[in-house]
Each structure stands twice: as structure tokens, then as C-alpha cells.
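The numbers here are math on the coordinates, done by the rules we state, and not lab data. The structure displayed is predicted, hence computed values, not measured ones. With ideal geometry, Cβ positions are generated from the backbone for all residues, glycine too; neighbour counts draw on all protein chains shown.
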Amino acid sequence: MNPHLGKKIFKGIVFMELLGVFGAYGLYFKMDRSQDFRQKMNRRFPSILEVYYKCNEWSGIYGIRERDQETWLSNKN
């Protein structure tokens, strides 16, 4: 294998990893700032929203899930 090709592959993998980390942070930040966005995530990707709730609960931040559910239920009526 060409050593330059190995370097390019390694750089590509590192770049993709960084892209994934920053993408995940951006998604978390957007969910953290917008209840409307969390509601959209609840409709489209409930498993991702569950990860958001769990991460906050593991960090000691409680009540977001409950506030969201209260708000969403009151908006339906």
C-alpha cells in the first residue's frame, strides 16, 4: 500500500470523526435551545430525542421531558 494513500485515508477518517462530533454537538445545541425543534424531532426521530433526554438526565438535568410533554399535550387541546 502506498504510504501517501494511507495518510489520506487516515486524514479522511479523522475529518469524518470531527464532522460527526461537531454535527452531534450542533444537533444537541439546537434541541437544547428550541422546544419546537424537540417536538419536530419527537415526530421524526423519537430515538434521537430520547438520547437527548437521557444525556441531560445522566448529567443531572431533570424535567425537560416532562415540561415538553406538558406543553405538547396542552397545545393539542
Most exposed to least, judged by fewest other Cβ atoms within 10 Å, R44, R38 sort to R44, R38
Under 30 Å between C-alpha atoms, the lysine pairs in the chain lying 8 or more places apart or on different chains count 7
Ranking L5, Y52, T71 by how far each Cα lies towards the positive end of the charge dipole of the chain (+1 on Lys and Arg Cβ, -1 on Asp and Glu Cβ), the top one is L5
The chain, Gaussian network, Cα under 10 Å: of M41, M16, M31, the residue fluctuating most is M16
Placing each pseudo-label 7 Å from Cα in the direction of the beta carbon, K76 and N2 end up separated by a distance in nanometres of 5.8
Under the helix-only model (-39500 (n - 2.57) for each DSSP H run of 4 or more, divided by the residues of the chain), the mean residue ellipticity at 222 nm, to 500 deg cm²/dmol, is -29000 deg cm²/dmol
A correct Stokes-Einstein calculation for the chain, using the alpha-carbon Kirkwood radius, 10 °C and 1.306 mPa s, returns a whole-number D in µm² s⁻¹ of 108
The simple spin-label model distance between A24 and N42, using points 7 Å out along Cα→Cβ, in nm, is 2.5
In debye to the nearest 20, the charge dipole size for the chain, taken about the Cα centre with +1 at each Lys and Arg Cβ and -1 at each Asp and Glu Cβ, equals 380
Most exposed first, judged by fewest Cβ atoms within 10 angstrom, V14, V51 run V14, V51
Computed over the chain: longest principal axis from alpha-carbon atoms vs helix 64-76 long axis, angle to nearest 10 degrees, is 60
